[in-house]
Amino acid sequence: MTLTVKIISPGSTVLDAKAEEVILPSTTGQLGILTNHAPLVTALDIGVLRYRQDRTWAAIALTGGFAEIEDNEVTILVKSAQAGKDIDAETARTELTAAEQKLASLKEDDKQGKIQAEQAVKTARARLQATVPL
């Protein structure tokens, strides 16, 4: 038996596939989903979703959202998502370095700037991690 996995962003359906297993980046940590999982709604953090199809793992970088698991269907609503296979690792590494440097350069009293820079670092890190195969 398999799971139906759908990842939907405001502009498109990023993924509509069958999978044997899904690992979600929930706000409370990594969450593994197998067939016949109990119904669940969870908030997602910026991170990497991994799913297994035919014994092969694939990764998708997510920028937060929500997931609903019910009746072997995993429906994920996100701000944006990008498949790891579509991300250039060197570009992602450069983006992460730039985001970390910007965060380090901000003044301590620039709270809004720090929040935005921390989100940029998390997003860049997720994109880089999604390029690494399991």
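The values are calculated or read from the model by the stated rules, or taken from the named source; none is laboratory data. None of these values were measured; they are calculated from a predicted model. Backbone-built Cβ (ideal geometry, glycine too); neighbour counts: all protein chains shown. Just so you know, the surface numbers come from the protein's heavy atoms only, side chains and all, with ligands and any DNA or RNA stripped out. Shrake-Rupley method; radii C 1.70, N 1.55, O 1.52, S 1.80 Å.
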Rg to Rh, two decimals, where segment 2-43 supplies the alpha carbon set and Rh follows Kirkwood: 0.97
Highest-fluctuation residue, 35, 123, 63 considered, GNM on the chain with Cα pairs under 10 Å: 35
Cα centroid of segment 67-134 to Cα centroid of segment 13-29, whole Å: 16
Value at 222 nm in deg cm²/dmol, rounded to 500, when DSSP H runs of n ≥ 4 in the chain each add -39,500 (n - 2.57): -9500 deg cm²/dmol
FRET efficiency for residue 79 and residue 1, using Cβ-Cβ distance with R0 set to 30 Å, rounded to 0.05: 0.45
Formal net charge of residues neighbouring residue 92 (Cβ-Cβ distance under 10 Å; K, R +1; D, E -1): 0
Contour minus Cα-Cα distance for residue 71 and residue 105 (0.36 nm per residue): 7.5 nm
The chain - percent of accessible surface contributed by carbon and sulfur, probe 1.4 Å: 51
Relative intensity, log₁₀ I(q)/I(0), of segment 1-87 from a Debye sum that treats every alpha carbon as a point, q = 0.11, 0.25 Å⁻¹: -0.24, -1.38
Estimated FRET transfer efficiency when R0 is 22 angstrom, pair residue 116-residue 27 (beta carbons, to 0.05): 0.75
Phi-based couplings in Hz for segment 84-93 (Karplus 6.51, -1.76, 1.60; Gly and Pro marked x): x, 5, 9, 9, 7, 4, 5, 5, 4, 5
Cα long-axis angle, helix 111-130 against the chain (0 to 90 degrees, to the nearest 10): 50
Net charge of neighbours whose Cβ lies under 13 Å from the Cβ of residue 75, counting Lys and Arg as +1 and Asp and Glu as -1: -4
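A 32 angstrom limit on the alpha carbon distance is what I want to check against. Which of 85/107; 79/107; 79/102 exceed it?
Where the Cα-Cα span goes over 32 Å, the pairs concerned are 85/107.
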